Amino acid sequence: MNDILLSTRGTVGLCAIVKRDALPANIDQDIARIALEKNAPVQSEYFVTYLNSKYGQDWIERNSTGMVQQGLSLESVRQIPIPCLSTQFQQSVSKLIQNAYQLRQDGGRASQDANDQLVSLLGIDESFRDDTCNTVPFSSSFAASGRLDAEFYQPKYDELEKHIRDHGNCIRLGEAASLIQRGRQPSYADGGLPVINSRHVQSGFVDLVGERYALEPDSDELVIKKGDLLLNGTGRGTIGRCAVYLEDSNALPDNHVTIIRCPTMDPVFLSVYLNSVAGQMQVERFYKGSSGQIELYPEDIGNFLIWDAPVSVQKSIRASVESALQSKAESFQCLEKAKRAVEIAIEQGEEAAMAYLEGRQFVTQTIVQDLAQKAPYFSIDAVRDWLAEQKMSYKPDTVKTYLSRQKKEGKIFDAGRGWYSSIAKPYELDTAPVEKLVGKLKQAFPLLDFACWSTEQLNEMLRHQLAKHVQFVYVERDAIDSVADWLKDHGFHTYANPGKAEIKRSFAIEGKTAVVLPLTTKTPHRDGFATIEKIMVDVLADTEPFSVINIPEFVGGASEVMKSQRIDISELMKYSTRRKTDVSCWIKDHLIH
């Protein structure tokens, strides 16, 4: 009990602790057993957490030797340095590991409950696996099935099928499924969608640790979506393993994984059924090939006989599985939190690590430092992602409370609904170039909603300042002609919502030039003056045909302004969406979503 096992060859560095209920077992020459003295200054749970941390793994990697196959000698294991932190901190880490273990046990029981419930309702147990031989005529064997292997005709399979039929509604999977299709060999790349292979598809869950990526294919059918059932179709020991993909993001199957979509049946219930004796016996019956390589093809999977259980049964089994997966996820979070705490203790000291474990000031101390250094603007979603990376679980309201507190303390600043910034100074737009125009329009059209800006307001963002300027006036669509006529009567060279052909044919900057354009719903403006957020979008959306602004130069200048003076990111993004304008030129380098 509490011995630590460390892999020393092949997959060097895998590490685990032996718990009380572990079965007696031997270890081979590739595993090192570490037993701590009773009076040792480190506790087993803390030690194994340190070994699994990035610092422990880094030491193991640096001290492993070998060309073809890496290895860690026992002498090197004896030389592993261990940070001797306080007993209080080690006990806190140990408690997390113990909680993780208990949660894992709870999840295992819930998963077993789902299987036991299904098997009990069907009345199927291991007695159906009797390998008694059978004699069948040619007409009902090879002539009907095309199978010559004797195992296919063992009576246990006929008994299983009869038993399933006797227990209620049943159907061939191929008749119920809208899709049964194996993946293809993906085109691996540095980015794209994660690739799911047979190693990831475990019995009852999809393990995404260590996935690779590939480019998304043209065919949508080959993309794994949330709720898809995945079944391993090759390899002795892995064939027939089944799990539901429950991630929100899409993925790709490789050529060993089959996607099953069955809209009339709960996929979680179906995965439990296929992983049970009833499903695995059919895997044994229908796979093809020799001991070297066995295959389970989509057409054979379609022949599986499935119990179409009552909805209440499917929901009950799903609830047990969801409880098991929740326990598994919480167990993983405990392990990751313990590991991160050890890393923080090494990096920042025990006080910071204990603050992290207890959920105290760790967030407020580091969130600005970690996020604001990456980009001047970050969203509340980015904060939640950051917390997840730090292995911290917080309710949404708690996150808002922390952010509100930091705003009051002047550590972060408001950048629009759901957005924050490390930049204290808000951008102040010079409205002088359009103040006279705005004032006259208010007098002439007191009930009109409008927004004005001038290219003169952008001079500070341009290396080559403009000598001639254009006033842009945005008004309600049905008022464009009236406002344009009024501007003409008051000495403006005016263009009323001109098309590209008209601009190309006749546009010129002569004296006071004004362009009247339609006002978009919920345009960001204040008392007739366009905001900087509106101007940034309008320049990209409207000015190119007029050739009055060097847009790349403006983008560069506006980018510099955004780094030193705070703008409203929420308004910028919402208005750009309404204008269907791409503002990625700023979002890419300045924002963390």
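See the values below:
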{"item": "Among (1) open to solvent by 20 Å² or more (accessible area, probe 1.4 Å); (2) of a type outside the set (A, V, I, L, M, F, W, C); (3) under 18 Å from Ala176 (Cα atoms) - the single one Gln280 does not satisfy", "result": "(3)"}
{"item": "Candidates Trp453, Trp486 - the one that is touching a helix residue (DSSP H, G or I) at 6+ places or on another chain (Cβ under 6 Å), open to solvent by 10 Å² or more (accessible area, probe 1.4 Å) and not acidic (Asp, Glu)", "result": "Trp486"}
{"item": "Residue check for Gln91: part of a helix (DSSP H, G or I), open to solvent by 70 Å² or more (accessible area, probe 1.4 Å) and among the polar types (S, T, N, Q)", "result": "yes"}
{"item": "Tally, over the range 5-14, of residues that are outside any loop (DSSP other than H, G, I, E, B), at pLDDT 90 or above and within 17 Å of Gln70 (Cα to Cα)", "result": "2"}
{"item": "Residue in the range 461-477 that is of a type in the set (Gly, Ala, Ser), within 30 Å of Phe378 (Cβ to Cβ) and loosely packed, with under 13 Cβ neighbours inside 10 Å present", "result": "no"}
{"item": "Residues (farther than 17 Å from Pro426 by Cβ, under 40 Å from the mean Cα position of the chain (by Cα) and not in a helix (DSSP H, G or I)) located in the range 508-548", "result": "Pro518, Leu519, Thr520, Thr521, Lys522, Thr523, Thr543"}
{"item": "Number of the condition not met by Asp248 [criteria: (1) more than 16 Å from Met281 (Cα to Cα); (2) at pLDDT 90 or above]", "result": "(2)"}
{"item": "Members of the range 36-64 that are open to solvent by 20 Å² or more (accessible area, probe 1.4 Å) and charged (D, E, K, R)", "result": "Glu37, Lys38, Lys54, Asp58, Glu61, Arg62"}
{"item": "Pick from the range 479-506, criterion of a type in the set (Lys, Arg) and in contact (Cβ under 8 Å) with a residue 24 or more places away in the chain, ranking: nearest to Ala541 (Cα to Cα)", "result": "Lys500"}
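Let's see how each residue does on (1) at pLDDT 90 or above; (2) buried (at least 22 other Cβ atoms within 10 Å of the Cβ):
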position: Asn275; (1), (2): yes, yes
position: Gln293; (1), (2): no, no
position: Ala319; (1), (2): yes, no
position: Glu351; (1), (2): no, no
position: Tyr356; (1), (2): no, yes
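The values are calculated or read from the model by the stated rules, or taken from the named source; none is laboratory data. Remember, predicted model here, so these are calculated numbers, not experimental data. Here the Cβ is made from the backbone with ideal geometry for all residues, glycine too, and neighbour counts use every protein chain on show. Protein only, heavy atoms only, side chains kept; ligands, DNA and RNA dropped before computing areas. Shrake-Rupley method; radii C 1.70, N 1.55, O 1.52, S 1.80 Å.
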